[in-house]
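Colleague: Sharing a structure here in structure tokens format.
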Amino acid sequence: MMLNSKSIGNKIAEARKKTNLSQAELAQQVSISPQAVGKWERGESMPDIMTLNRLAEILAVDLNYFSESFHRDQIDHTDREPKDQQIYLTEPVSKSENQVGRSWDMSKGNWENADFSGLKNLKEQFSSSNIKNCKFTNADLSGLILGKNNIELCDFSSSDLTNSKIQSSNLLKNQFNRCSFIDADFSRSNIGKCNFSDADFTGARFDTGCFESNEMTNAVLKHTSFKNMGISDVIFEGIIEDCHFEGCGFYKVKFQGATILNTFFKYNSKFKKVEFSDCKVDRLTYAFLKNNEANLTGITLLEESAY
């Protein structure tokens, strides 16, 4: 769905006039000032997604009406639809035959400075999109597919990305602190300078990409796999359990104060330069590290009773 402030402003003005509402009356129903409505209609600013959802309800239009690809002849304001047939982002929509063309398609968009905070049940794809400076805080993005995207300077803090698929995408300088990435799939993606503090990567898979200069403080790594990844300028800490590092290239990587249990290391390049500081490992992990020619300085072997 392509969004343009001038186009949206024109459509708000057109729909408002057809429903015989003044700017002041519309502003009152949306709980904003009439001046803000005026700025929307002049294209000087743009409502966020939640406000667009509310406007669609008030103006009796389909939410996709605000898209640039939506044709004017697709909407009739004279016959208002029942409220329960209108489309809302926060509720699942069944795709019956009489709802063709109503799906909320987020793909091929240029999303900038949009606020998606708190959205629920957002199952559609964000494919081939440029997403910059957007907010997704406390959003339910479980099962979401992010394919061929450029995602930069966005805030996903405390969002649920369980079972999400982040494929062939560039992620740069995003906030993912306290996010759930349980069973998420990162493939063919470049991930750099992101904050993953307190994120849960249980069961997550990283395959064929770059993982560079990311903050991993208190991140949960359990049943997490890194395969064919370029990993650089990253510090791993905390408990690392039942994880898998295979075919990865390491540069300026440090395991610091980590307890590493039942974790597999194989065919990793430049692994001799990986630094281990105050780390504790079990016997199996120690064997994998030794076989991968790791520098074992800074590693203490745990007694079996300790794990």
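The values are calculated or read from the model by the stated rules, or taken from the named source; none is laboratory data. Everything quoted here is computed from the prediction, not taken from an experiment. So basically every Cβ, Gly included, is an ideal-geometry build from the backbone, and we count neighbours across all protein chains shown. Just so you know, the surface numbers come from the protein's heavy atoms only, side chains and all, with ligands and any DNA or RNA stripped out. Shrake-Rupley method; radii C 1.70, N 1.55, O 1.52, S 1.80 Å.
Colleague: With the cut-off at 13 Å, report for region 253-300 the share of all Cα pairs above it, as a whole percent.
Modeller: 49 percent
Colleague: A further question follows. Please report the net charge: other residues with Cβ closer than 14 Å to the Cβ of Ser31, K and R +1, D and E -1.
Modeller: Net charge around Ser31: -2.
Colleague: May I pose another question? Let me cross-check Met216: its accessible surface, 1.4 Å probe, with only protein heavy atoms counted, in Å² to the nearest 10?
Modeller: 10 Å²
Colleague: Another one. At R0 = 22 Å, how high is the FRET efficiency between Lys252 and Leu284 if r is their beta carbon distance? Nearest 0.05 is fine.
Modeller: E between Lys252 and Leu284, to the nearest 0.05, is 0.25.
Colleague: For Lys280, enumerate residues with amide H under 5 Å from its amide H, sequence gap 5+ or separate chain, H modeled in the peptide plane.
Modeller: Ala258, Thr259, Ile260, Thr300
Colleague: Among 279-288, 156-165, 26-35, 201-210, how do they line up from the highest to the lowest mean number of other beta-carbon atoms within 10 Å?
Modeller: Peptide ranking by packing, descending: 156-165, 201-210, 279-288, 26-35.
Colleague: While we're on this one: Spelling out what I want: for every residue of region 155-168, take phi, set θ = phi - 60°, compute 6.51 cos²θ - 1.76 cosθ + 1.60 (Karplus), and round to whole Hz; glycine and proline get x.
Modeller: 10, 9, 3, 6, 8, 9, 10, 4, 6, 6, 10, 10, 10, 6
Colleague: May I ask you to order 14-23, 295-304 by the average number of other C-beta atoms within 10 Å around their residues, highest value first?
Modeller: 14-23, 295-304
Colleague: Let me cross-check Glu293: its accessible surface, 1.4 Å probe, with only protein heavy atoms counted, in Å² to the nearest 10?
Modeller: 110 Å²
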